[in-house]
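Trainee: I'd like to ask some things about the structure below.
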Amino acid sequence: MDDGVSDFDGADRLIRTWREGLRPDPDLSVSQWADRHRRLASRASAEPGQYRTARTPYMREIMDRLSPGDPTQRVVFMKAAQVGATEAGNNWIGFVIHQAPGPMLAVQPTVELAKRNSRQRIDPLIDESPELRERVKPARSRDAGNTMLSKEFAGGILIMTGANSAVGLRSTPARYIFLDEVDAYPASADEEGDPVTLAEARSLTFSHRRKVLLVSTPTIRGLSRIEREFEASDQRRFFMPCPHCGAMQWLKFERLHWEKGRPETAEYICEGCDAAIAEHHKTQMLDAGEWRATATATDPTTVGYHLSALYSPVGWLSWQRIARAHEAARGSDEAMRAFRNTILGETWMETGEAPDWQRLADRREAWKAGTVPAGGLFLTAGADVQKDRIEVDVWAWGRGLESWLVDHIVIDGGPGDPACWQQLTGLLGRSWIHASGQPVLLTRLAIDTGFETSAVYAWSRQVGWTQVAPVKGVEGFTRTSPVTGPTFVDATVAGKRLRRGARLWTVATSTFKAETYRFLRQDRPTKEDQAAGDSCPPGTIHLPDWADGEWLKQLTAEQLVTVRTKRGFARLEWHKLRERNEALDCRVYARAAAWIAGVDRWPEARWAEMERQLTIETERIPHDPPTKSLARRIANRRTVRSSYMG
């Protein structure tokens with residue numbers, strides 16, 4: 001450069017900047033970029049500071065497959081919670097902004113979740129990295145191109161949206177697609193088709209240069225998107241060497257052993273030498289681990305990975321906590337499903353084969369209608385509204401969701417008859433005699449709102465919400481909770497529309513139907529073994545000898561079947577085997593009432609207090625009904641009402 005140019009003030013700086021601009025960007029992989037440039041913010045990470053891939057070595061290959069120099073086009077990651085997948089995905093976003101700019105689409109299950117992710121994850125990602133702050137202007141700047149769901153940068157743009165928004169999914173072509181928690185996506189985006197298909201279509205114009213990352217914790221077998229994608233891939237597992245014999249193996253839950261009731265003794269048993277591996281060896285094992293394909297992919301440009309929380313680094317989710325979580329989940333289908341999904345990273349098998357009603361008849365037990373057997377500690381009821389009657393089943397519940405049918409009541413007249421509602425109101429104040437001699441009230445009654453909704457709302461408002469829960473059944477297994485609510489809904493009472501006039505609970509009936517059938521199919525000790533002291537497994541459903549064949553047929557009236565949608569996707573649906581299914585519906589509503597009361601979340605102290613209230617002795621109390629003299633004495637006693645009542 002001539003002297004005339006080099007003499008002015010700032011020339012050296014200009015020349016230096018110009019030369020730096022000619023220097024190509026370093027050829028980094030995603031993991032190398034993260035180790036050099038990524039910092040974790042304290043508000044978004046439990047371990048703030050410089051990101052270290054060495055903390056989660058299994059994420060290195062997954063991230064590097066997303067680098068431009070790798071020929072892989074699609075990466076599938078079926079995983080447990082707490083393995084570092086979210087931060088790895090954010091590393092990819094940061095890498096794209098800094099190293100390989102282009103249009104990028106990041107999809108969360110809903111638009112609201114996309115907004116939350118932008119605030120809690122993406123904004124800290126940009127704020128904590130000087131390299132990213134230089135490329136994404138602050139949102140307050142004029143024409144910054146930085147909004148809640150859109151981040152512009154030189155050479156590209158990051159668009160964030162929800163799988164429930166067809167507009168967001170088809171908004172722009174995208175070279176990079178990040179699909180997070182795909183199993184929580186709706187079946188269709190605004191009735192326009194599968195969200196995954198719609199999103200991936202945005203990348204097709206980029207041909208071999210595209211990158212698609214699908215990540216999710218799995219849900220139900222046969223319905224899980226991430227499982228379907230993983231099974232079509234090369235199904236990579238992370239193999240690690242045994243510290244004793246060096247045998248390479250991938251971790252399986254069945255080889256995690258501990259003494260019953262002592263999860264602190266958890267240790268892993270090697271497949272090669274059967275030696276016990278203590279958890280402190282895990283760091284060394286992870287460092288020496290490697291991904292190995294266990295299948296042949298349908299599409300050679302797709303690679304798939306599976307990882308359970310057994311690999312969680314030391315200091316995160318320990319083997320001891322996993323063992324404790326498994327022990328706590330026993331006896332609860334919902335808890336066990338959550339364990340398989342979030343800790344093992346595996347799908348949950350829903351079995352909906354209807355039990356044989358005649359086999360159930362053979363296993364009936366003897367106790368009088370209207371009495372509560374010894375193990376029952378509180379009562380709930382399910383009410384099914386029909387055109388000419390209301391059918392009510394009263395169930396007693398004990399530890400481990402063991403249950404007993406206590407009463408079956410048919411109230412003639414239907415929802416148009418005031419006397420019918422008066423009789424239903426009477427049940428709320430009625431007591432049933434426990435085997436200990438104590439009278440017990442209904443804790444809660446759940447009533448279906450599917451028929452004559454306004455009449456159900458009007459009655460529920462009249463009697464109050466303390467004991468009564470209006471419910472609405474919905475299909476599907478992908479809901480995070482089997483019961484949600486209550487939500488306030490508009491109600492029409494006496495011809496007048498009341499805004500937010502009713503409280504409604506939403507019930508995933510599929511979940512409770514599957515649970516009921518699973519409990520009914522359980523093996524149980526013989527009468528002789530029970531007399532000798534053996535107990536029934538958690539969830540056992542006890543049916544009385546006064547439950548007739550018609551009622552048993554209604555309880556087993558549906559079958560879970562797999563159907564195909566017009567677009568070829570599998571869906572599980574309950575189909576009726578016979579017309580009448582009131583007993584099954586009432587059971588589902590009574591189970592929902594128990595869930596609302598909190599039975600799935602009670603600690604040991606609560607159960608012990610309920611037993612104390614009912615003066616249950618340690619030894620088993622026979623099911624014989626109380627004598628007439630005892631009944632007269634009971635009438636003069638205070639009626640027992642559990643402390644969890646409102």
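Trainee: By what distance, in whole Å, do the Cα atoms of the stretch 113-187 stretch along each of the three principal axes, largest value first?
Mentor: 39, 24, 20
Trainee: Using the Cα atoms of the stretch 495-560 to build a convex hull, what is its mean projected area in square nanometres?
Mentor: Over all viewing directions, the stretch 495-560 projects a mean Cα-hull area of 8.4 nm².
Trainee: From the backbone phi of the stretch 89-95, what are the Karplus-calculated ³J(HN,Hα) couplings (6.51 cos²θ - 1.76 cosθ + 1.60, θ = phi - 60°) in whole Hz, Gly and Pro given as x?
Mentor: Values, residue by residue: x, 5, 4, 5, 4, x, 4 Hz.
Trainee: Of ALA278, VAL136, SER29, which is farthest along the charge dipole of the chain in the positive direction, counting Lys and Arg as +1 and Asp and Glu as -1 at C-beta?
Mentor: Of the candidates, VAL136 comes out farthest on the positive side.
Trainee: Ok, one more. Taking the Cα atoms only, what angle lies between the long axis of helix 509-520 and the longest principal axis of the chain, rounded to 10 degrees?
Mentor: 60
Trainee: I've got another one for you. With an 8 Å Cα cut-off and a minimum separation of 6 or more residues, compute the relative contact order for the chain in percent.
Mentor: Once normalised by length, the contact order is 12 percent.
Trainee: Pairing the Cα long axis of helix 418-429 with the longest principal axis of the chain, what angle in degrees results, from 0 to 90 and rounded to the nearest 10?
Mentor: 80
Trainee: OK, next. With only Lys, Arg, Asp and Glu charged, each at its Cβ (+1 for the first two, -1 for the last two), find how big the charge dipole of the chain is about the Cα centre; round to the nearest 20 debye.
Mentor: That gives the chain a dipole magnitude of about 1460 debye.
Trainee: Under the Cβ-under-4.7 Å rule, which cysteines of the chain stay unpaired?
Mentor: CYS420, CYS536, CYS586
Trainee: With N residues in the stretch 366-424, what two-decimal value do you get for its Cα radius of gyration over 2.2 N^0.38 Å?
Mentor: Computed over Cα atoms of the stretch 366-424, the ratio equals 1.29.
Trainee: Can you give the direction-averaged projected area of the convex hull of the alpha-carbon atoms in the stretch 449-605, in nm²?
Mentor: Computing the convex hull of the Cα atoms and averaging its projections yields 13.6 nm².
Trainee: Which of TYR305, LEU179, VAL372 sits closest to the plus end of the dipole of the chain, meaning its Cα is farthest towards the positive end, when Lys and Arg get +1 and Asp and Glu get -1 on the C-beta?
Mentor: VAL372
Trainee: Taking LYS527 as the anchor, which aspartates and glutamates have their alpha carbon closer than 18 Å to its alpha carbon, excluding any fewer than eight residues away along the same chain?
Mentor: Those aspartates and glutamates meeting the cut-off are ASP362, GLU365, GLU402, ASP545, GLU619, ASP624.
Trainee: Also: For q = 0.10, 0.18 Å⁻¹, what log10 I(q)/I(0) does the stretch 189-304 give under the Debye formula with an equal point scatterer on each alpha carbon and no solvent?
Mentor: Rounded to two decimals, the profile gives -0.49, -1.03.
Trainee: I need the phi-derived Karplus couplings for the stretch 157-170: 6.51 cos²θ - 1.76 cosθ + 1.60, θ = phi - 60°, integer Hz, Gly and Pro marked x.
Mentor: 8, 9, 10, 10, 8, x, 5, 8, 10, 5, 4, x, 6, 10
Trainee: Same structure again: So what is the relative contact order for the stretch 276-341, in percent, with contacts set as C-alpha pairs under 8 Å and at least six apart?
Mentor: After rounding, I find 28 percent.
Trainee: Which log10 I(q)/I(0) values, to two decimals, does the stretch 380-529 give at q = 0.11, 0.13, 0.19 Å⁻¹ under the Debye formula with one point per Cα?
Mentor: -0.49, -0.68, -1.29
Trainee: What FRET efficiency comes out for the pair ALA328/GLN423, r = Cβ-Cβ distance, R0 = 51 Å, nearest 0.05?
Mentor: My answer for the efficiency is 0.80.
Trainee: Ordered by packing density, taken as the mean number of other Cβ atoms within 10 Å over each peptide's residues, highest first, how do 84-93, 53-62 rank?
Mentor: Ranked from most to least packed, the peptides come out as 84-93, 53-62.
Trainee: Let me ask you something else. Kindly provide the trypsin sites (Lys or Arg not before Pro) of the stretch 463-543 that DSSP labels as loop, not H, G, I, E or B, and whose Cβ sees at most 15 other Cβ atoms within 10 Å.
Mentor: Sparse-neighbourhood loop trypsin sites (Lys or Arg not before Pro): ARG521.
Trainee: Give me a comma-separated list of calculated 3J(HN,Hα) values for the stretch 118-125, in order, Karplus coefficients 6.51, -1.76, 1.60 applied at θ = phi - 60°, integers in Hz, x for any Gly or Pro.
Mentor: In residue order, the calculated couplings are 4, 5, 8, 10, 6, 4, x, 4 Hz.
Trainee: OK, next. Which lysines have a Cα lying under 25 Å from the Cα of LYS472, excluding residues fewer than 8 positions away in the same chain?
Mentor: Straight-line reach from LYS472, under 25 Å: LYS387, LYS496, LYS513, LYS553, LYS576.
Trainee: Right, something else. Please compute the contact order of the stretch 70-163 in relative form: average sequence separation of alpha-carbon pairs under 8 Å and at least six residues apart, divided by the residue count, as a percent.
Mentor: 36
Rule-based calculations on the coordinates, nothing more; no lab input. Since this is a predicted model, take the numbers as computed values, not measurements. Cβ coordinates were reconstructed from backbone atoms using ideal geometry, including for glycine residues, and neighbour counts include every protein chain displayed.
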